[in-house]
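The values are calculated or read from the model by the stated rules, or taken from the named source; none is laboratory data. Bear in mind the structure is a predicted one, so any value in this text is a computation, not a measurement. So basically every Cβ, Gly included, is an ideal-geometry build from the backbone, and we count neighbours across all protein chains shown. Just so you know, the surface numbers come from the protein's heavy atoms only, side chains and all, with ligands and any DNA or RNA stripped out. Shrake-Rupley method; radii C 1.70, N 1.55, O 1.52, S 1.80 Å.
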Amino acid sequence: MADLTIALAKGRLQDEAIEFFRRAGIVVPDEARRSRRLLLDDESGRYSFIFVKPADVPVYVEYGVADAGVCGRDVLMESDADVHEPLDLGFGRCRLVVAGKPESEERGYNPLATARVATKFPRITADYFQQRGVPVEVIVLSGSVELAPALGLSEHIVDLVETGRTLRENGLVVIDEITESTARLIVNRASYHLKRDAMARLIANLRTCISEKPGQ
Ligand code: PRP
């Protein structure tokens, strides 16, 4: 049996995370890229990797089904999972922003009208608008939120921007930045103590691969 089970977020961060672990000497077999298997051991047999939706990584880690996990800071901010966060891994840099059509940037938020905002981040979105005293109707989608303003579903969106291409190609501009995000290592609180040797080895290995310049 493997020493530790690690949850990786499928999608945007998956390839970079696999490459990061490889640099740390933890080699996830290439099969991970090709196959549909959702649980694979690394070459040493010390680590089992599970591949799950980004928002589920903190859930698996909180419940101890995974001892550790890698997901974006944005996902952690949205989650209420109680996990330990020992490392900012520095890769997968992106921004969580409010965006809308160019004309909505000039007009700003109308404090008298309810802002309709489409997002995969309902909790962060509700907090953001509440803090500004702007009434908000949060429309929860699970992807392709950049379509919403064009189709009149919402005036604004809250979403991640990496290269900015998705916003640009869908006629949207950034109105405000909520936060920056990078990939984080998170750890189950009990595993952190009960499996301390294996955990210390994992954290030390990964730490050596974090580049001096964050996000590079
Ligand atoms: C993410 C994010 C944006 C896009 C930003 O979507 O939600 O849509 O990437 O990247 P860019 O600034 O480089 O264009 P993802 O690929 O996860 O797909 P989704 O539509 O399912 O959210």
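Excluding ligands, DNA and RNA, the accessible surface per residue across the chain is 52 Å² with a 1.4 Å probe. With R₀ set to 41 Å, the beta-carbon distance separating Glu103 from Ser211 gives a calculated FRET efficiency near 0.55. Between Glu16 and Glu162, the simple label model (points 7 Å from Cα in the Cβ direction) yields a spacing of 0.7 nm.
Helical runs (DSSP H, four residues minimum) scored at -39500 (n - 2.57) apiece and divided by the length of the chain put the mean residue ellipticity at 222 nm at -8000 deg cm²/dmol. Partners of Lys195 within straight-line reach, counting aspartates and glutamates whose Cα lies under 12 Å from its Cα and excluding those fewer than 8 residues away in the same chain: Asp3, Asp67. Shown is the FRET efficiency for Val173 and Glu43, computed with R0 = 41 Å from the Cβ-Cβ distance and rounded to the nearest 0.05: 0.35. Of all aspartates and glutamates in the structure, those lying under 16 Å Cα to Cα from Lys101, and not within fewer than 8 positions of it along the same chain, are Glu146, Glu155, Asp159, Glu169, Asp176, Glu177. Gain on full extension, evaluated as 0.36 nm per residue between Gln130 and Met77 minus their Cα-Cα distance, stands at 17.5 nm. Label reach from Leu112 (point 7 Å along Cα→C-beta): in region 128-164, amide nitrogens under 15 Å belong to 135. Within region 1-88, the GluC sites (Glu not before Pro) that combine a DSSP coil assignment with at most 13 other C-beta atoms in a 10 angstrom radius are Glu43. Rolling a 1.4 angstrom probe over the chain with all protein chains present gives an accessible area of which 48% lies on carbon and sulfur atoms.
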